Amino acid sequence: MAQTNPNGPTLQHLALMVRDIDASHRFYTEAVGFEQCGKIGADTPTGQRGIDFRFYRGADDRHHDIALVQIPDPSVFPPASLEWEMIENKLGINHFAICYPSREDFLERLKVLREMGIEFRQRGNHGMTHSVYVADPDGNGVEFLYELPESVWIDNVNAALNYWEPMDTQSEEALDDPTEYKSFAPS
Ligand SMILES: [Fe+2]
């Protein structure tokens, strides 16, 4: 599992089909902190009737991090379950992650989630990140994280990936964040 190509491909953006693009817009702007930076709709050059495609980013040196696409007929789907779990019997995306540039930004964001009444489904020290998992309005798992210092995990990525230390999700302690990071030695 050694890294052989330091200039290899990266995952770039994600496009989500959504049942209520206004609800998803609120989640990805107010809860996540993205800004809308573009759209394709009936009134844009490449748009057509019935199309509502919106683009979002977390910083202005990127063109988009995520796109939301309004599905034509939401009525054929049952209401979304917001009871996201890491292990579920389903196909497709388990979760995707939004990375905040610092511990302080991450903690600010947790306060916003709490104020918006968005449930922390899981929270923990994941060896290389501190992470909180929530469900977006369609029930997709979204991980909010900040990265621990590279020195913590770089020598043994697999050991860090295997590490999970649960943290409180309910009380006021769910907004605390310990900084005694465990380091992972080469195996
Ligand atoms: Fe993750």
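The values are calculated or read from the model by the stated rules, or taken from the named source; none is laboratory data. Everything numeric in this text was worked out from a predicted model, so none of it was measured. Backbone-built Cβ (ideal geometry, glycine too); neighbour counts: all protein chains shown. With ligands, DNA and RNA removed, areas are computed over all heavy atoms of the protein, side chains included. Shrake-Rupley method; radii C 1.70, N 1.55, O 1.52, S 1.80 Å.
Computed over protein heavy atoms with a 1.4 angstrom probe, the accessible surface ordering of Ser151, Ser171, largest first, is Ser151, Ser171.
On average, how much accessible surface per residue is there in the chain, in Å², for a 1.4 Å probe, leaving out ligands, DNA and RNA? All intermediate terms of the calculation are to be shown ahead of the outcome.
On the way: 11410 Å² over 187 residues.
Solvent-accessible surface per residue comes out at 61 Å².
Computed log10 I(q)/I(0) for the chain at 0.08, 0.10, 0.15, 0.18 Å⁻¹: -0.30, -0.47, -1.01, -1.32, from the Debye equation with unit scatterers placed on every C-alpha and solvent omitted.
Positive end of the dipole of the chain (Cβ unit charges, origin at the Cα centre): among Phe77, Tyr181, Gly141, the Cα lying farthest that way belongs to Phe77. What translational diffusion coefficient, in µm²/s and rounded to a whole number, does the Stokes-Einstein relation yield for the range 30-131 at 37 °C and a viscosity of 0.692 mPa s, taking the hydrodynamic radius as the Kirkwood radius over Cα pairs? The estimated diffusion coefficient comes to 198 µm²/s.
Between Ser75 and Thr44, the modelled labels are 2.7 nm apart [label points 7 Å from Cα along Cα→Cβ].
Computed from the C-beta positions of Phe96 and Ser151 and an R0 of 25 Å, the FRET efficiency is 0.45 to the nearest 0.05.
In terms of the Cα gyration tensor, with a ≥ b ≥ c the square roots of its eigenvalues, is the range 14-64 rounded because a/c is under 1.5, prolate because a/b exceeds b/c, or oblate? Spell out each step's value before the answer.
Numbers: a/c = 2.40, a/b = 1.33, b/c = 1.81.
Oblate, because a/c is 1.5 or more while a/b does not exceed b/c.
Have a look at the DSSP beta bridges in the range 14-72 and tell me what percent are antiparallel, nearest 5. Intermediate values should be presented prior to the final figure.
Numbers: 10 of 15 bridges.
Roughly 65 percent of the beta bridges in the range 14-72 run antiparallel, per DSSP.
Charged side chains reduced to their Cβ positions (Lys and Arg at +1, Asp and Glu at -1) give the chain a dipole of some 600 debye around its Cα centre.
For Glu88 and Lys111, the FRET efficiency from 1/(1 + (r/R0)^6), where r spans their Cβ atoms and R0 equals 25 Å, is about 0.35. A 1.4 Å probe over all protein chains sorts Met116, Met17, Met86, Met128 by accessible area into Met17, Met116, Met86, Met128, starting with the largest. At the residue level, Lys90 shows approximately 100 square angstrom of accessible surface with a 1.4 angstrom probe and all protein chains present. Expressed to the nearest 5 percent, the antiparallel share of DSSP beta bridges inside the chain is 70 percent.
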